[in-house]
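What follows is a short report on a single structure.
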Amino acid sequence: MTVLAPAAPGRLGEPADPPRYLTYLTALDDWIAGRRAELDELDAAAQASGSAAELTADIRLGLALWQAIKTRYDAVLVAWDSGRVGPAEADRVSALVWGGLDALSMSLPEATRLSDALAGQLRQRLQLDPAGSEAPARLRTAFAQLERLRDQVALEPAEARPAAASKVANLEARLEAIAGKASRGGDVGGLLGPFEADAAVLERDLIVGGAERRRSSDAAGAAGRRRDELAAREASLRQLVDHVVATVAHPPRYAVPHVAALGPVPADDDGLRAYTERLGRVARALDVVQLAYTQALADDEAGRRRP
């Protein structure tokens, strides 16, 4: 038995009508039950085939992904509250559906599609036919997957889109050839398997790549906001230092860090990690300077009050 994730309504920041969410949540509940049964079936097949060792990592990934989806689905149900949702609750439901899952940088719809791709890849490796020997059903599933791949390619950055589109075009040509052979009465079982595996790998790579880009973008945005906060703090701290130097007889001699010297936020992950570490060091240095000059001012004022 194999199941395919339902399409989610709306998008982040644009909640769909409650009836559409009801349809989605009902279908998602069936998908969650079906996917868990399928994963158990795949695990049993791996154990029986003697391939458990080499497939263990992917099966565990599938189960972990399923658990993350189930946890988020349960949270959506609480927010959904049997359809008793106003505008604020609808926004909450939309945020839970389209926001990143805990410990994952992908939305609930992306996670379910990734689960579909992973299950398809496992079935191919175990040589399990998800639709018995019914080629028409498998062809319909394959054409639906091509549509998902086209949608995913549209989300790729401009520089990566042509290469991804070329891979999808190649898959489309292969599938059209397979469908043509099937329509002429030919046996396409040996052709569908490799196609399904290649399509599953590409879909998985595109989904994970998109999630990683969003994670990097979110991290870069957070670093930029942190830098701006530190720059504002630096400006305020310089005013404190100038005041202390002008009023205290023996002020501290600490240099205020120049936040601007950090430069722009890097685009690459390694550079971003290093930049974030430097932000932390600058923040700690500002803490030291603020504490020293605040204490010096307090001590000076206390000394002036003594008789």
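The values are calculated or read from the model by the stated rules, or taken from the named source; none is laboratory data. Here the structure is a predicted model, which means the values were calculated and not measured. No Cβ is skipped: glycine too gets one built from the backbone with ideal geometry, and neighbour counts run over all protein chains shown. Just the protein is used for accessible areas: all its heavy atoms, side chains included, with ligands, DNA and RNA removed. Shrake-Rupley method; radii C 1.70, N 1.55, O 1.52, S 1.80 Å.
For segment 38-48, check the following and say yes or no: at least one residue is small (Gly, Ala, Ser), within 21 Å of residue 106 (Cβ to Cβ) and either under 21 Å from the mean Cα position of the chain (by Cα) or crowded, with 19+ Cβ neighbours inside 10 Å (or both). No: segment 38-48 contains no residue that is small (Gly, Ala, Ser), within 21 Å of residue 106 (Cβ to Cβ) and either under 21 Å from the mean Cα position of the chain (by Cα) or crowded, with 19+ Cβ neighbours inside 10 Å (or both). Reported count of residues in segment 272-298, each being open to solvent by 60 Å² or more (accessible area, probe 1.4 Å) and at pLDDT below 90, is 1.
Quick check on this structure: which one of 211, 223, 199, 274 is closer than 30 Å to residue 157 by Cβ, free of Cβ contacts under 8 Å to residues at least 40 places away in the same chain, in a helix (DSSP H, G or I) and within 28 Å of the chain's Cα centre (by Cα)?
Values: 211 fails: free of Cβ contacts under 8 Å to residues at least 40 places away in the same chain; 223 fails: free of Cβ contacts under 8 Å to residues at least 40 places away in the same chain; 199 fails: free of Cβ contacts under 8 Å to residues at least 40 places away in the same chain.
Of the residues listed, the single one that is closer than 30 Å to residue 157 by Cβ, free of Cβ contacts under 8 Å to residues at least 40 places away in the same chain, in a helix (DSSP H, G or I) and within 28 Å of the chain's Cα centre (by Cα) is 274.
The single residue among 186, 193, 221 that is at pLDDT below 90, open to solvent by less than 50 Å² (accessible area, probe 1.4 Å) and closer than 24 Å to residue 58 by Cβ turns out to be 193. Among residues of segment 285-307 that are closer than 14 Å to residue 239 by Cα, none has a Cβ under 6 angstrom from a residue that is charged (D, E, K, R) and open to solvent by 80 Å² or more (accessible area, probe 1.4 Å) at a sequence gap of 6+ or on a separate chain. Residues in segment 130-168 that are surrounded by 13 or more Cβ atoms within 10 Å (Cβ to Cβ) and farther than 22 Å from residue 5 by Cβ: 135, 160, 161, 165. Residues in segment 255-271 that are part of a helix (DSSP H, G or I), within 19 Å of residue 229 (Cβ to Cβ) and open to solvent by less than 40 Å² (accessible area, probe 1.4 Å): 2 in all.
Exactly one residue out of 39, 25, 101 is touching a Leu at 6+ places or on another chain (Cβ under 8 Å) and not in a helix (DSSP H, G or I): that is 101. Just give me the residues in segment 197-242 being of a type in the set (Asp, Glu) and within 20 Å of residue 172 (Cβ to Cβ), in sequence order. Once the filter is applied, which keeps residues that are of a type in the set (Asp, Glu) and within 20 Å of residue 172 (Cβ to Cβ), segment 197-242 yields 198, 203, 205.
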